[in-house]
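Read the structure below first, then the notes.
The values are calculated or read from the model by the stated rules, or taken from the named source; none is laboratory data. Keep in mind the model is a prediction, meaning the values are calculated, not measured. Every residue, glycine as well, gets a Cβ built from its backbone with ideal geometry; the counts of neighbours run over all protein chains shown. Side chains are part of the model used for accessible areas, which takes the heavy atoms of the whole protein and leaves out ligands, DNA and RNA. Shrake-Rupley method; radii C 1.70, N 1.55, O 1.52, S 1.80 Å.
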Amino acid sequence: MRSTPTYDALCCAEWRLLAVNTLHLFGPMEIAHDGVTLRIDSRKAQALLAYLVVEQRPVSRMALLGMFWPDMPEDRGRANLSWTLNRLNALLPGLISAERSSVRFLPAETTVIDCMVFRQHAARAEPLAWALAVEQYRGPLLDGLQLTGCADFEHWLLIERERFEQQVIDLLARLAEWHAGNRAPEAAAEALGRLLALDPLREEAHRQRMWALAQAGQRAAALAQYERCREILRAELGAEPALATVAMAEQIRSGRDIAPRPMVAGRPRPALPHSPPAALIGRRAELQSLARLLDTPGVRLVTIAGLGGIGKTSLALAYAEHVAPRFHDGTRVVALAALDAAALLPAAIAESLGYDLHNHPSPQRVLLDLLRDAELLLVLDNMEHLPAAADLLADILAEAPGVKLLLTSQERLGLREERVFDLGGLGLPAEPSAEAVLASESGQLFVHHASRVLASFTIDGENEASVAQICTMLGGHPLAIELAASWVRSLSCDEIAQEIAAGMDFLSTTMRDLPARHRSVRSVFAYSWDRLSEDERRAFALLSVFPSDFSSHAARALLGVLTFGLDLPASERRLRNLIAALVDRSLVVRLRGGRYRLHSLLRSFAAEKLGAGDMALARSRHWAYFGELLCAREAALRGADVQGGLATLTAEFANIRAGWLWAIHHPDSLMLRAAESLLLFYDTAGRFRDGAELFAETAAQLERMERPADRVPLLGRARTRQGLLLIWLGGYADAQRCFEQGLRLANSFGDRREQALALAGLAFTQRWLGHLADAERLGRDALVLARDLGDRWLIATALQYLALICRDLEVFAEARAYAQECRALFHSFGYRRGVGFALTVLGLVEYDTGSYGEAERMFHEGYGLCAAVGDPMGTVIAEHYLGVLALAQGRFAEARQRLGRALAESRRLGYQWGGIRAQIQLGVLARAESRPDEAAQRLSAAMADAQSIGALPLLREASAIQREWAG
């Protein structure tokens, strides 16, 4: 018996008649306008159109280039994309929105697309809607379409084909079940026939069709169905039908009545919720990794572990939907959030299989019997609050070899067979641009949810930076991103970012279709907090003092005293276990190399749990640890192990910087010692701007404090070190002011070493400004003071500066002597970086005196030493002078390469002087190679830059060359 069409169905038919455009993506692609078939000759254009239609979201142009023109240069790929979009827009006006950085399909009311109609009907919980959805399916998505050389598109198409086909199979199974329950066995048999045409190896569906045909009085057809089943299983699998199928055939053949009963569809219950799961944004890599893990022989229990709201359920459902056809008995998803006891789990799992065991005296035993011969994937969602259920899962693994278990949980289960799949945040935008936002997973998710709230929402130049900031502040946390995006109707993206920065309470919603525990980020985290022991809570709160990732040793050093009042190693084992417990609860993430990290939102939540006194104590302990670490590594930076010291400090620098900024308000003797170490780190790493800004902030904070006299020593050191870094950035006037203030302060409290360092800095600054007489006088004063102090490191530093000043004065013998003494001192320390720089200075002296061969040898040796220890500044200076030498000797190709690299690296470092010098020399090279326009352009740019920073020597040099060319 067939149902009478409803009004909805008649409306659907009328809508179809009124359609102007029709797009059929099921089966071979067909497009029509007013009944006239339209042709798209390009297969790539067909594929691009179909991709945009199915995705139903803005797609970045870069993503489209990677999918459809992966091996083509970007400019040609962009041209091809624009040409293809223009062709499609001409064919289907108004249906494709092509923005500067993204493209989106915008269906009109008069456009009917079979896959979209399919989705609309499939999402409804009405049998007639399911039937209408199935009618749309004419065959596999884009049947017959292939794009050679477009592997990403082919992979996407394969996944989408499987997804749609599985949805059709599910709908047909539901229809069959519904018809059987409504005493319409003929209709049930028809639905099952279509199902078997798609999946002929589904033996249970064969058996159900035999039952339906027998119920309809078609026993011969039922037996013929059995024979077809047997032939298919033999041919494809080399197997015989199951005993249940054979028994049903014998019952039909005997003529005995087949008792009417509710039919179980192709899978006893829908494996997934009736409405398709929300589209999974991003997570392609995670989905593939999870699939590989579960495909590994012997792996049958996997727990997707992660922070609340991180997307564990979405990933599990996406995987279950993807692999359902590979399991004979499909997949079952059991939601556990509402269960308050592990004893209820057997009945909940049985219910997903179609059995009611809630009142059974032995539900676990019956469940194990049901699962013993099953071949299915069992997804248990939100497992963390049922740790006592581990025994049941162990029994399932032991007694049901065909069952695989996929769990989602904030905690690991703790079984030996368990494999933990840690899930973190979504990928973040690489930069604050629309293209980068749309290319990132977190940006795509924000746009997805924002578009649901505000249909006109797009990423543009006005909001691109704010959306990138939002995604970054939220650490790619999917739930937090969804909650933030829900505000776009009432707030701008910039306002949303400001609210998030003000506190996490903003991240909440009243949306009714979200579980109550997911309607705010705070409630998600509070759920985890409530499950912790007192020691775990204190440790978790204390770890919030780390601004970024941290080592196990640093965590134990902090927690040992503040949690147990014990120093290492007395508390070693307890602390290891405590940190491991927080990792197992997904509150702390373990990184490669034995490091750990708290998610940024969790860090804010945990910090709120510390009282003011505990926070001050934690920050004091944090600074003490990292300040001492910084000082301890100074010897490595001054000696042979520069790279080792640099690697250690770079890994910990977010902690060092945070500790220093806190200590500014609580200055101590450790800061005075650490100032030199901090300068050495910034100088060695080539992070001149970062260092200058930190020392400037330090000085400014100290000057604003009450009783500034107590801070005089630290203030003077901060200003002098700020000046030493500003020199490399071309901030000569500011550097001079810093050195003058540092010298005044050093004089006021009688620190002769600081006096010598400030004098050396002033001398070097006057050299850059072209005041060589003043530079020489100050440099000699600094050297005399350093020798009086007997500070060999300070002597070497003053000699280094004075050698360059004497070279500029053309006092070559003295310059050579100073550089040689500097080299010897640095060599005694094992400081290869200093030796390399001294060799470069010696090379300059040899170059200036015409000894090109000796100059080249020294430049190469200096370059090698600096490169070996990873010194970017020493390397770029030596590279520059090797280029100058190559130019002087007519080796133009080598000169072009070396000077080009020197220019690029100088710009990256912010090394203004080096960039201007390279630009001047590249201009000379362009003139020598008969490119006068380029030569003039480079020289003009160099003069403008030299003028802007007050580098008079460079300005004079460039002006002299310009006059020479003009004459």
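Annotations for the structure displayed:
- Residue that is farthest from Ala685 (Cα to Cα) [pool: residues in region 813-843 that are crowded, with 20+ Cβ neighbours inside 10 Å and in contact (Cβ under 8 Å) with a residue 40 or more places away in the chain]: Val841
- Checklist (1) within 43 Å of the chain's Cα centre (by Cα); (2) open to solvent by less than 10 Å² (accessible area, probe 1.4 Å) applied to Leu158, failing item: (2)
- Lone qualifier among Ala817, Ala813, Ala824, Ala775 - being of a type in the set (Gly, Ala, Ser) and touching a helix residue (DSSP H, G or I) at 6+ places or on another chain (Cβ under 6 Å): Ala775
- In region 195-231, residue most open to solvent (accessible area, probe 1.4 Å) [restricted to those that are under 47 Å from the mean Cα position of the chain (by Cα) and of a type in the set (A, V, I, L, M)]: Ala197
- The residues listed here are Ala733, Ala760; of these, the one that is part of a helix (DSSP H, G or I) and modelled with pLDDT under 95 is Ala733.
- Residues of region 237-253 satisfying the condition of being over 14 Å from Arg202 (Cα atoms) and surrounded by 18 or more Cβ atoms within 10 Å (Cβ to Cβ): Met248, Ala249, Ile252
- Cross-chain or 6+ apart pairs with Cβ under 6 Å, region 611-625 first and among the charged types (D, E, K, R), then at pLDDT below 90: Arg621/Leu558
- Scan of region 891-906 for residues that are touching an Asp or Glu at 6+ places or on another chain (Cβ under 7 Å) and either open to solvent by 60 Å² or more (accessible area, probe 1.4 Å) or closer than 30 Å to Ala733 by Cβ (or both), ordered by number: Phe892, Arg901, Ala902
- Any hit, region 201-211, residues being assigned by the TED database to the domain that holds Met248 and among the acidic types (Asp, Glu): yes
- Residue within region 642-650 that is open to solvent by 10 Å² or more (accessible area, probe 1.4 Å), of a type in the set (A, V, I, L, M, F, W, C) and over 30 Å from Glu536 (Cα atoms) present: yes
- Checking each residue in region 307-324 for being in a loop (DSSP other than H, G, I, E, B) and either surrounded by fewer than 22 Cβ atoms within 10 Å (Cβ to Cβ) or of a type in the set (Phe, Trp, Tyr) (or both) picks out no residue at all.
- Residues of region 714-726 satisfying the condition of being in contact (Cβ under 8 Å) with a residue 40 or more places away in the chain and either among the aromatic types (Phe, Trp, Tyr) or surrounded by fewer than 24 Cβ atoms within 10 Å (Cβ to Cβ) (or both): Leu714
- Flag if Leu694 is open to solvent by less than 10 Å² (accessible area, probe 1.4 Å) and out of contact with any His (no Cβ under 6 Å at 6 or more places or on another chain): yes
- Residue check for Arg234: exposed (fewer than 15 other Cβ atoms within 10 Å of the Cβ), free of Cβ contacts under 8 Å to residues at least 24 places away in the same chain and at negative phi: yes
- Meets criteria (closer than 19 Å to His599 by Cβ, open to solvent by 10 Å² or more (accessible area, probe 1.4 Å) and part of a loop (DSSP other than H, G, I, E, B)) for Gly475: yes
- Residue in region 591-600 that is farther than 27 Å from Arg419 by Cα, modelled with pLDDT under 85 and open to solvent by 50 Å² or more (accessible area, probe 1.4 Å) present: no
- Test for Asp808: is it under 27 Å from Leu955 (Cβ atoms), open to solvent by 10 Å² or more (accessible area, probe 1.4 Å), touching a residue at least 60 places away in the same chain (Cβ under 8 Å) and outside the structural domain of Gly910 (by the TED database): yes
- Single match in Leu882, Leu909, Leu955, Leu939 (criterion: hydrophobic (A, V, I, L, M, F, W, C) and either on the phi > 0 side of the Ramachandran plot or open to solvent by 20 Å² or more (accessible area, probe 1.4 Å) (or both)): Leu955
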